[in-house]
Every structure is written in structure tokens, then in C-alpha cells.
Amino acid sequence: MNITIQTLGFTAKHKLTGFVYEKLERLSHFYDKIISSEVCFRLDKSDTKENKVCDLRLGIPGNDLLASAQCKTFEEATVQSVEILERLIKKRKTKLNVIRKYRIN
């Protein structure tokens with residue numbers, strides 16, 4: 001899986017990038033046909049403390065999966081985005097299994 005990390009308005013430290021790689025590698029356990037993933041970190045212009053945004057795009061055969069989360073830290077936003085993608089992957093796999101089941105019968 002090819003992982004691309006983009007930061008808008010700041011530079012990411014190695015600790016954050018390592019954390020992102022670790023969490024995204026976990027997604028390959030759920031779905032082995034992941035081609036690429038794009039992560040975009042940005043700071044939202046709001047007055048609240050929850051101004052860190054993580055946008056994830058997972059490149060898979062067919063339509064890409066997208067997730068976004070806004071939290072107090074980039075790590076927390078990454079975890080929430082990955083959890084959203086896990087649910088989307090499970091949902092997509094069940095749909096594919098149903099389609100395959102009806103094609104066989």
C-alpha cells in the first residue's frame with residue numbers, strides 16, 4: 001500500500017507520521033486490495049480547541065473510500081478517521097459477498 005501524507009500550514013514530526021503509518025497498516029488486515037491511501041492534515045480556522053482535521057482517502061478497486069474527523073489532536077482525528085474507514089470497509093465487503101452469493105446461485 002502506498003501511503004501519502006500531506007500537511008497544510010505546518011510540518012509533521014516523525015512521531016505523527018509513524019503513528020499514521022501504524023494505523024493505516026492496520027487497515028490492510030481488513031481488506032487486502034487497498035492500492036493507496038492519502039492523508040491530509042490541516043488546521044481549521046475556528047476559535048475552539050478542536051481545530052485539527054484529518055482527511056483520509058483510501059484507494060481501492062471501484063470507488064474510493066473517504067473519511068474525515070476533527071478533534072483536539074491529529075492523533076485522535078487519525079484514529080477516528082481510521083475507525084470510520086474500518087466500518088466502511090466492512091460494509092463494502094458484506095455488499096460484495098451478497099453480490100457474489102447471488103451471482104453463484
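Where a number appears in this text, it was derived from the coordinates with a stated rule and is not lab data. The model shown is predicted, which means the values in this text are computed figures rather than measured ones. Glycine also receives a Cβ, built like all others from the backbone with ideal geometry; neighbour counts cover every protein chain displayed.
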Can you say what percent of the DSSP beta bridges in the chain, counting only those with both residues inside, are antiparallel? Round to 5. 70
Order these by the 10 Å Cβ neighbour count, fewest first: THR94, THR7. THR94, THR7
Options ILE99, ILE5, ILE35, ranked by Cα towards positive dipole end of the range 2-104, top entry (Cβ charges): ILE99
Classify the range 2-104 from the C-alpha gyration tensor, please: rounded if a/c falls under 1.5, else prolate or oblate depending on whether a/b exceeds b/c. prolate
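About the Cα centre of the chain, what is the dipole size in debye to 20, counting +1 per Lys and Arg Cβ and -1 per Asp and Glu Cβ, all else neutral?
580
Sequence gap at least 6, Cα distance under 8 Å: using those rules, report the relative contact order of the chain to the nearest whole percent.
23
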